[in-house]
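Undergrad: First the structure, then my questions, so here it is.
The values are calculated or read from the model by the stated rules, or taken from the named source; none is laboratory data. For clarity, every value in this text was computed on a predicted model and none was experimentally measured. When we count neighbours, we look across all protein chains shown, and the Cβ atoms used for this are built from the backbone with ideal geometry, even at glycine. Just so you know, the surface numbers come from the protein's heavy atoms only, side chains and all, with ligands and any DNA or RNA stripped out. Shrake-Rupley method; radii C 1.70, N 1.55, O 1.52, S 1.80 Å.
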Amino acid sequence: MNPVQEVLDRIETGSVASLVALLVGLSDDDKRAVARHLPAHLSERGRAGFEAERRVGELAPLYRLAGAACLSGVEQVASWLNRRELRWVEPEADATRVMSVLGNRSVEWRRDLAVRLVRRLRPTTGSTWRRVQALGYWDLAAALVIETDAEPPENDAFVSRWVLRTAERQRMNGGAPVLADDRLLEHMLPRLFQAQGVADGLDWNRWADSPTIIGELVALAGAGRVPRQTLLDGCASRFMAGGDAAEAGPFVALWRELKPEVAEIPVVDFVRLLPSASSPVVQLALEELHRAESAGALDEELFAEAVQALAYRPEKKNMAAAVKWIADASLSKGAVAVAALAAVFDVDTPSLRERAVRVAVKLAPHTAESGREAIREAASRLPADLRERVAAAFGGVDEVQSEPAATPTLTTTPLPALAPPIGSVAELAAELDKPLWPVDPARFERILAALVGLTHQDRDAVAAGLQSWWRANWRHPFEASAYVNGFAGFDENIGGLLSRCALAIVSPADSRELTAMLDGDSSRWPSSEPAPQRFVQRRFREVMSLFERGETIPVLLATPTSPTGHVEAATLLARMERLADTEPLESDFLQALLRLPRQIDPELVVRAEKLPSEAGRRLAACLRDGGLPDPVVTWELEAFDRPATYHRSL
């Protein structure tokens with residue numbers, strides 16, 4: 001048989017074992033023949049429509065095997081394995097399969113492939129769970145690095161995915177440690193403190209009574225398996241590099257669990273952190289500097305620099321910490337740092353300002369002239385009573401004459417304009433690929449309108465265009481129970497409902513299964529959402545139900561035309577005219593009525609009376625009556641006893 005056709009036939013049967021046996025036995029000439037035909041075959045099949053593209057996705061593991069075995073060049077194989085339509089496979093199983101057909105390649109060839117695959121990794125965004133699902137071919141790249149002893153190139157994505165995969169292994173191993181035998185640990189350890197995107201994986205399992213990477217690193221350091229100084233130096237360098245609180249938090253926890261001795265504290269570095277570091281790092285630095293001071297490792301110059309940095313930070317808790325630190329210091333050390341109190345004189349908290357004045361006055365006899373001048377200058381802006389106390393201790397203080405406050409002019413800020421309607425499937429797919437949190441009603445309305453309008457024009461094109469989104473955001477194979485049991489509020493969150501509307505287009509059978517399971521779940525609590533929110537949810541669900549039935553409509557009625565959320569009456573009429581005698585979705589129709597402005601052009605009533613549908617007659621009657629009546633709003637104040645389980649926050 002023709003080797004090309006035989007390979008394609010084995011791929012189509014879906015048997016990995018059969019295909020591997022064939023590929024291993026092919027001659028070099030047969031592999032070259034397959035390599036010449038395979039890329040063109042895959043591209044042609046991908047253009048054959050939605051069902052053909054979906055079938056390619058199902059057979060992706062076998063196509064990856066065939067390309068890895070038959071393509072000759074390293075870059076060819078790397079590009080083949082990175083093809084969009086072949087990415088969504090179970091990564092660990094895929095790595096094992098592909099490695100089985102690469103055994104006849106030289107070590108140098110496989111090492112080159114490992115480096116290229118590592119370089120191609122890109123950071124992923126979204127929740128930790130979604131990032132684990134999108135680990136891609138990290139497992140294959142890692143397996144090649146381990147097998148060939150390759151030095152992986154610098155790539156934050158490779159490090160962050162190692163962290164996520166390690167955290168997942170910890171969770172799956174039922175609490176047993178995994179790092180001690182990790183053959184990538186030596187490569188990853190120094191990079192752990194440099195790479196971005198590693199923080200959430202470091203203590204991912206902390207709420208599940210499972211070991212965390214941080215906990216294992218501390219244990220390995222205690223056993224001598226990992227150099228303790230490497231961890232301490234890495235944490236310090238991470239703090240010095242800056243970053244937000246979320247990124248720094250796990251490294252702060254690691255530092256604390258290592259319990260460094262005073263001699264191990266980088267005192268100068270920690271002082272230099274204080275002006276700009278995130279809040280968790282500042283708190284840690286402050287604690288460690290206090291320990292260093294108690295041991296005599298913080299001299300007067302560094303002490304003055306530290307309290308100055310704290311006093312000039314915007315957080316009042318840090319200003320208060322600076323004042324207390326100066327107050328508790330010896331007279332000689334406090335006097336060196338007294339100029340830092342000048343920054344606190346301008347704070348708008350009277351008690352903190354008064355305490356700063358009290359500390360300054362106590363230290364006045366011991367303060368050098370440069371510090372006295374700074375205090376006098378800042379005291380000119382103090383209230384009269386405090387200013388007089390400072391003047392008595394530091395000498396004359398000139399009062400600053402404040403300018404009369406200008407009367408503010410009230411201005412209105414125009415609302416941002418609505419984004420233009422989504423005009424193509426590619427634009428719709430790009431919009432859905434962005435995170436659906438935080439909730440943005442205008443954006444959700446825009447996406448929902450595009451789902452309805454574009455699907456009515458060409459449902460197959462929309463389904464094909466959302467394949468990548470579908471594979472990235474939904475389980476494969478689909479498990480409705482995972483969504484019903486694993487996500488609180490999954491059927492109430494508007495972002496989730498919008499995502500389900502798109503699912504109902506791409507995979508209506510999966511959507512129907514999920515809807516039926518959610519509707520039949522008797523254990524679910526009744527919705528606690530307010531009535532207006534439940535109404536919005538109902539509108540999204542009726543669109544979802546429309547798609548699940550395989551039906552479409554030309555347009556939604558309630559999509560806002562103004563950033564205030566209103567729908568122009570003329571636009572609503574034009575949308576109703578597009579529907580002709582087709583009845584609109586009921587909740588969408590009612591939402592459109594609620595969004596009409598209060599003033600209606602009388603000429604539009606005449607136009608509405610010509611609409612042929614039942615909804616058209618209802619709209620005409622509503623417009624004749626001047627729109628929906630204003631709702632009657634009432635309120636009342638209820639008192640209740642504090643529950644016995646209530647604990648006041650300290």
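Undergrad: Please report the net charge: other residues with Cβ closer than 10 Å to the Cβ of Leu302, K and R +1, D and E -1.
TA: Spelling it out: positives minus negatives among the neighbours equals -4.
Undergrad: For the stretch 247-362, what class follows from the C-alpha gyration tensor (a ≥ b ≥ c being the square roots of its eigenvalues): rounded when a/c is under 1.5, otherwise prolate if a/b is larger than b/c, else oblate?
TA: Since a/c reaches 1.5 but b/c is at least a/b, the shape of the stretch 247-362 is classed as oblate.
Undergrad: Send over the Kirkwood Rh of the stretch 16-162, from the inverse of the averaged 1/r over different Cα pairs, rounded to one decimal Å.
TA: Computed over Cα pairs of the stretch 16-162, the Kirkwood hydrodynamic radius comes out at 15.8 Å.
Undergrad: Still on this structure: Quick one: if the Förster radius is 56 Å, what FRET efficiency do Asp29 and Ser613 give, using the C-beta to C-beta distance and rounding to 0.05?
TA: 0.25
Undergrad: Taking 0.36 nm per residue of separation and subtracting the Cα-Cα distance, what length does fully extending Glu75 through Ala368 add?
TA: Full extension of this stretch gives 98.5 nm more.
Undergrad: A further question on this structure: Okay, helix-only estimate at 222 nm for the chain: each DSSP H run of n ≥ 4 adds -39500 (n - 2.57), divide by all residues, round to 500 deg cm²/dmol; what do you get?
TA: -18500 deg cm²/dmol
Undergrad: Quick one: what does P(r) look like for the chain with 20 Å bins over all Cα pairs, in whole %?
TA: Here the calculated profile for the chain is 14, 32, 33, 19, 3, 0.
Undergrad: Here's another thing I want to ask about it. Between Met99 and Ala245, how many nm apart are label points set 7 Å from Cα along the C-beta direction?
TA: 4.2 nm
Undergrad: Further question: Which of the GluC sites (Glu not before Pro) found in the stretch 218-319 are in a DSSP loop and have at most 15 neighbouring Cβ atoms, other than their own, within 10 Å?
TA: Passing both the DSSP loop test and the Cβ count: Glu261, Glu315.
Undergrad: While we're here: I want to make sure I understand the PRE zone here: with the label point 7 angstrom from the Cα of Arg578 toward its beta carbon, which residues in the stretch 407-449 have backbone N atoms less than 15 Å away?
TA: Those under the cut-off are 420-425, 445-449.
Undergrad: Can you work out D for the stretch 39-106 in µm² s⁻¹ from Stokes-Einstein, where Rh is the Kirkwood radius over C-alpha pairs, the temperature is 20 °C and the viscosity is 1.002 mPa s?
TA: In µm²/s, the coefficient is 173.
Undergrad: Give the aspartates and glutamates whose C-alpha is closer than 19 Å to that of Lys434, dropping any in the same chain fewer than 8 places away, or say none.
TA: Within reach: Glu445.
Undergrad: Shifting gears a bit: Over the stretch 291-439, what percent of the accessible surface lies on carbon and sulfur atoms, probe 1.4 Å?
TA: Answer for the stretch 291-439: carbon and sulfur cover 57 percent of the accessible area.
Undergrad: Which net charge results when you count Lys and Arg as +1 and Asp and Glu as -1 among the other residues whose beta-carbon is under 14 Å from that of Pro532?
TA: For residues surrounding Pro532, the net value is +2.
Undergrad: In 5 Å bins starting at zero, report the fraction of Cα pairs in the stretch 463-608 per bin as a rounded %.
TA: Answer for the stretch 463-608: a P(r) of 2, 9, 16, 18, 17, 13, 11, 7, 4, 2, 1, 0 percent.
Undergrad: Continuing with this model, one more query. Pulled fully out, how much extra length does the chain show between Arg47 and Arg534, if you take 0.36 nm times their separation in residues and subtract their Cα-Cα distance?
TA: Extra length available between Arg47 and Arg534 comes to 171.2 nm.
Undergrad: Any chance you could check the Cα centroid distance between the stretch 359-395 and the stretch 339-353 for me, in angstrom?
TA: With the stretch 359-395 and the stretch 339-353 each reduced to a Cα centre, they are spaced 12 Å.
Undergrad: Also: Hey, what did the stretch 506-586 get for relative contact order, percent, Cα under 8 Å, at least 6 apart?
TA: Relative contact order of the stretch 506-586: 28 percent.
Undergrad: Note the full-extension length gain between Glu287 and Thr411 as 0.36 nm times their separation in residues minus their Cα-Cα distance, in nm to one decimal.
TA: Here the segment from Glu287 to Thr411 would lengthen by 40.0 nm.
Undergrad: Quote the relative contact order of the chain in percent (integer), defining contacts as alpha-carbon pairs under 8 Å separated by 6+ residues.
TA: Worked out over the chain, it gives 6 percent.
Undergrad: So, in nm, how far is label Ala442 from label Asn2 when the simple model puts each one 7 Å beyond its Cα toward the Cβ?
TA: Those two pseudo-labels are separated by 5.7 nm.
Undergrad: Below 14 angstrom from the Cβ of Ser332, what's the summed charge of the other residues (Lys, Arg +1; Asp, Glu -1)?
TA: -3
Undergrad: Volume per residue, Å³, of the convex hull around the alpha-carbon atoms of the stretch 204-303?
TA: In the stretch 204-303, the Cα hull volume divided by residue count equals 98 Å³.
Undergrad: In nm, give the distance between the simple-model label positions of Ser279 and His456, each being 7 Å from the Cα along the Cα-to-Cβ direction.
TA: The answer from the label model is 4.9 nm.
Undergrad: May I ask you to list the aspartates and glutamates whose Cα is less than 19 Å away from that of Lys324, ignoring any residue fewer than eight positions away on the same chain?
TA: By straight Cα distance, Lys324 reaches Glu287, Glu288, Glu293, Asp299, Glu300, Glu301, Glu305, Glu315, Asp346, Asp348, Glu354.
Undergrad: Right, next: Going by a ≥ b ≥ c, the root eigenvalues of the Cα gyration tensor, does the stretch 135-247 fall in the rounded group (a/c under 1.5), the prolate group (a/b larger than b/c) or the oblate group?
TA: In terms of gyration-tensor shape, rounded.
Undergrad: Counting other Cβ atoms within 10 Å of each Cβ, which trypsin sites (Lys or Arg not before Pro) in the stretch 1-48 have at most 13 and sit in a DSSP loop?
TA: The qualifying sites are Arg47.
Undergrad: Still on this structure: Tell me the volume per residue, in Å³, of the convex hull enclosing the alpha carbons of the stretch 571-632.
TA: Hull volume normalised by residue count: 79 Å³.
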